[in-house]
Structure formats: structure tokens, C-alpha cells
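K.L.:
Handing you a structure now.
No lab work stands behind these numbers, since they all come straight from the coordinates. Since the structure is predicted, the reported quantities are computational estimates derived from the model, not experimental observations. When we count neighbours, we look across all protein chains shown, and the Cβ atoms used for this are built from the backbone with ideal geometry, even at glycine.
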Amino acid sequence: MSESQPHSHNDPPNPYLEKRTSPEDTAALSQRVEKLESLLVEKGLVDPATLDKLVQTYEKDLGPANGARVVAKAWTDSAYKGRLLKDGTAAVKELGFGGLQGEHLVVVENTSSVHNLVVCTLCSCYPWPVLGLPPTWYKDAAYRSRSVVDPRGVLRDFGLSLDESVAVKVWDSSAEIRYMVLPERPTGTDGLNEEELANLVSRDAMIGVKKADPPGP
Amino acid sequence: MNRKTNPDISNMAPGTALPRKSGELVFHDRWERRAFALAVTLCEQGHYDWDEFREHLISEIQSDPADPSVDHNSPGYYEHWLNSFERLLTEKGICAADTLTKGTPVK
């Protein structure tokens with residue numbers, strides 16, 4: 001990453017991120033919105049109590065649930081899986097998950113002989129449209145550096161001991177490419193539908209620090 | 001309550017996309033959250049399609065030549081948003097133009 005673009009690695013450029021209005025402007029704008037809101041409340045169009053909930057819905061609408069649905073679909077539809085591994089961005093868009101702003105989503109498949117692990121060694125690049133917000137540890141310097149040097153040790157810390165015969169591949173995310181792991185489908189899940197399968201797919205499994213959960217009793 | 005979000009709103013193209021940091025929506029002040037919620041609520045109620053709102057947002061943003069990342073006095077994203085929303089309310093006859101304050105301080 002070049003020194004001249006310290007933020008380019010982390011987020012798609014958005015010129016409005018740092019923008020803050022002066023206290024005077026903020027006060028004027030606050031009044032303007034309050035007046036507008038009361039006008040719409042008077043007209044019976046808006047219930048003030050629901051407004052915060054609506055914002056929260058949008059704030060939370062970046063769940064690993066999106067990624068889990070992608071994985072479940074790939075487990076049950078081999079043609080979809082093929083498209084997903086070939087062009088992750090296009091394949092998640094098929095399911096209505098966009099929001100990748102210029103970066104490409106690359107999906108890497110775990111098999112009985114290969115285990116994939118995703119990291120961003122420089123900062124915290126993360127495929128948030130499918131995985132939601134990154135966990136705190138994903139941004140830790142320890143995780144970022146150790147994943148490269150000692151990935152098996154990192155996986156052991158997460159409670160995953162892999163056989164020596166399984167190759168571990170580490171994928172370093174960047175501003176242009178975001179990675180997501182397609183975990184192996186757990187055994188004993190033949191009878192499950194897509195929704196039930198999606199429930200077995202945790203965020204951590206799609207980062208690659210865990211496997212998909214086994215089906216419950 | 002299990003509300004659904006509208007992907008047309010969540011996933012607008014670069015240029016009009018909601019400001020986000022690591023995927024998280026960025027609101028600097030409470031009025032920005034309220035302005036966001038009001039415009040989305042009226043769209044959910046079917047007063048307009050999101051595309052109509054977005055067209056206004058595009059034109060508001062394009063009519064402002066300043067680069068907000070350089071000129072911090074230029075309007076921010078949600079000021080454009082608010083202008084777009086008020087224009088749409090007037091056009092749709094939901095609010096009369098003279099009932100809106102349009103950026104002038106309320107005395």
C-alpha cells in the first residue's frame with residue numbers, strides 16, 4: 001500500500017465520511033429536520049417511535065446471515081457453487097447481496113485436503129455485504145500477523161486442530177479483493193433444507209477459523 | 001418485528017452510496033439518522049419509488065462542485081439527502097413548499 005493513500009486499503013472512497021457540520025449548522029439542520037418530522041407526524045404519515053427502529057434495521061442489515069445463505073445455496077446447488085467459485089461478486093448478487101463498492105468477492109472452498117483462512121494483514125478489509133461487521137479479533141494485530149506466520153496455531157486457538165495432511169491456505173484481503181470461505185458441508189445434513197443448512201454456517205466458519213457446525217440433535 | 005431492508009437503499013452505487021465505515025453506516029448527528037429514517041419510511045409507505053429519491057440525490061450531489069473530502073464547509077451527504085427529500089415531498093404534494101424551511105434557520 002502506498003504511503004500517499006493511507007485509507008484506500010480499508011474502505012471504498014466516500015468523500016462524505018469525515019464531513020462534520022459546524023455546531024451552528026448542526027443546530028440549524030437539527031431544527032429543520034425536527035420541523036419536517038413534526039409536519040409529517042401531524043399529517044399522520046410518520047410514527048416517531050418507529051424511526052429509530054428503522055435506522056437500527058438498516059444498521060444491522062449486514063449480517064453473516066447473508067453469507068450463510070450463500071453457503072447453503074452452494075451446498076445444495078452445484079451449478080450455483082460453480083458460479084460462486086468462478087465469480088463470487090456476481091453469484092452473491094444473484095441472491096440480492098450487493099453493496100460491494102468496486103471490490104471483488106472471491107470465494108475459496110474448503111475440502112478434505114485444503115483449509116482456507118482469511119485475514120487482512122494491513123488493516124481490516126472484510127466482505128461486509130455477506131459477513132456483516134468484522135469481529136473485534138479480526139482487527140487485532142496479533143491475528144493479522146500470526147495468521148500468516150502460524151495459521152495452524154491460530155486455528156488451534158479457535159479450537160480447530162487440523163490433521164497435518166490438510167494444507168492450510170491463507171488469503172490476504174485487499175482493497176480490491178475480499179475473500180470468503182466456503183466451508184465443507186457437515187456430514188449428516190442430507191435431509192436439511194437451505195434454511196436449516198444456513199443455520200449451521202457461522203461467521204467464523206466463513207472467515208475460516210472454524211468449520212461449519214454439525215447438525216443439532 | 002422482523003423488518004426487511006430495501007437493497008435498493010442499502011446498495012446504492014458509488015457516488016450516491018450511503019456513507020459507511022467497514023460496512024457500518026456512518027451518521028454524524030442525530031438529525032442525519034432522522035432524515036434517513038423519514039425518507040425511507042415514506043418510500044416504504046409507497047409515496048415514491050426509491051429510484052425517484054435517488055434521482056434527486058444524484059442531481060443534488062452533482063449540482064455541488066465542491067469536494068467534501070477537501071472542502072469541509074461544503075454540504076455533507078445528508079444535507080444533499082435532506083434537500084432531495086424536501087424536493088420530493090413538494091413534488092409529490094405531500095408538503096407545500098412554503099411549509100418547509102429549506103435550510104433557513106428556524107426562528
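K.L.:
Which whole-number percent gives the relative contact order of chain A, counting Cα pairs below 8 Å spaced six or more residues apart?
P.N.:
Rounded, it is 25 percent for chain A.
K.L.:
Taking the mean number of other Cβ atoms within 10 Å as a proxy for protection, how do you rank A:27-36, B:35-44 from highest to lowest?
P.N.:
Those peptides, ordered most packed to least, come out B:35-44, A:27-36.
K.L.:
What are the radius of gyration and Dmax of the range B:26-99, computed over its Cα atoms and given in Å?
P.N.:
For the range B:26-99, the Cα-based Rg and Dmax read 12.7, 37 Å.
K.L.:
Oh, and also: Among rounded, prolate and oblate, which fits the range B:1-68 when a ≥ b ≥ c are the square roots of the eigenvalues of its C-alpha gyration tensor, a/c under 1.5 means rounded, and a/b larger than b/c means prolate?
P.N.:
Taking the square roots of the gyration eigenvalues as a ≥ b ≥ c, the range B:1-68 is oblate.
K.L.:
If you line up the Cα atoms of chain A on their principal axes, what length do they span on each, largest first, in Å?
P.N.:
If we take the Cα atoms of chain A, the spans are 66, 48, 30 Å.
K.L.:
Whole Å is fine, so just give me how far the alpha carbon centre of the range B:4-28 lies from that of the range A:13-87.
P.N.:
Between the Cα centres of the range B:4-28 and the range A:13-87 lies a distance of 6 Å.
K.L.:
Which of the pairs A:73/A:211; A:86/A:169; A:93/B:4; A:43/B:92; A:139/B:21; A:81/A:139 have their Cα atoms more than 24 Å apart in this structure?
P.N.:
Too far apart for the 24 Å limit: A:81/A:139.
K.L.:
What is the average number of partner chain Cβ atoms found within 10 Å of a Cβ in B:15-21?
P.N.:
5
K.L.:
Over the alpha carbons of the range A:86-132, what is the largest minus smallest coordinate on each principal axis, giving the biggest first in Å?
P.N.:
31, 26, 17
K.L.:
Return the calculated 222 nm mean residue ellipticity for chain B, to the nearest 500 deg cm²/dmol, obtained by summing -39500 (n - 2.57) across DSSP H runs with n ≥ 4 and dividing by the residue count.
P.N.:
After summing the helix terms and dividing by residue count, I get -13500 deg cm²/dmol.
K.L.:
Over all residues in B:40-46, what is the mean tally of Cβ atoms on other chains that come within 10 Å of each residue's Cβ?
P.N.:
Partner Cβ neighbours, averaged per residue: 3.
K.L.:
If the rule is a partner Cβ under 4.7 Å, which cysteines in chain A fail it?
P.N.:
Taking the Cβ cut-off of 4.7 Å, the unpaired cysteines of chain A are A:123.
K.L.:
Quantify how much of the Cα-Cα distance distribution of the range A:54-142 extends past 15 Å, in percent.
P.N.:
Counting every Cα pair in the range A:54-142, those more than 15 Å apart make up 64 percent.
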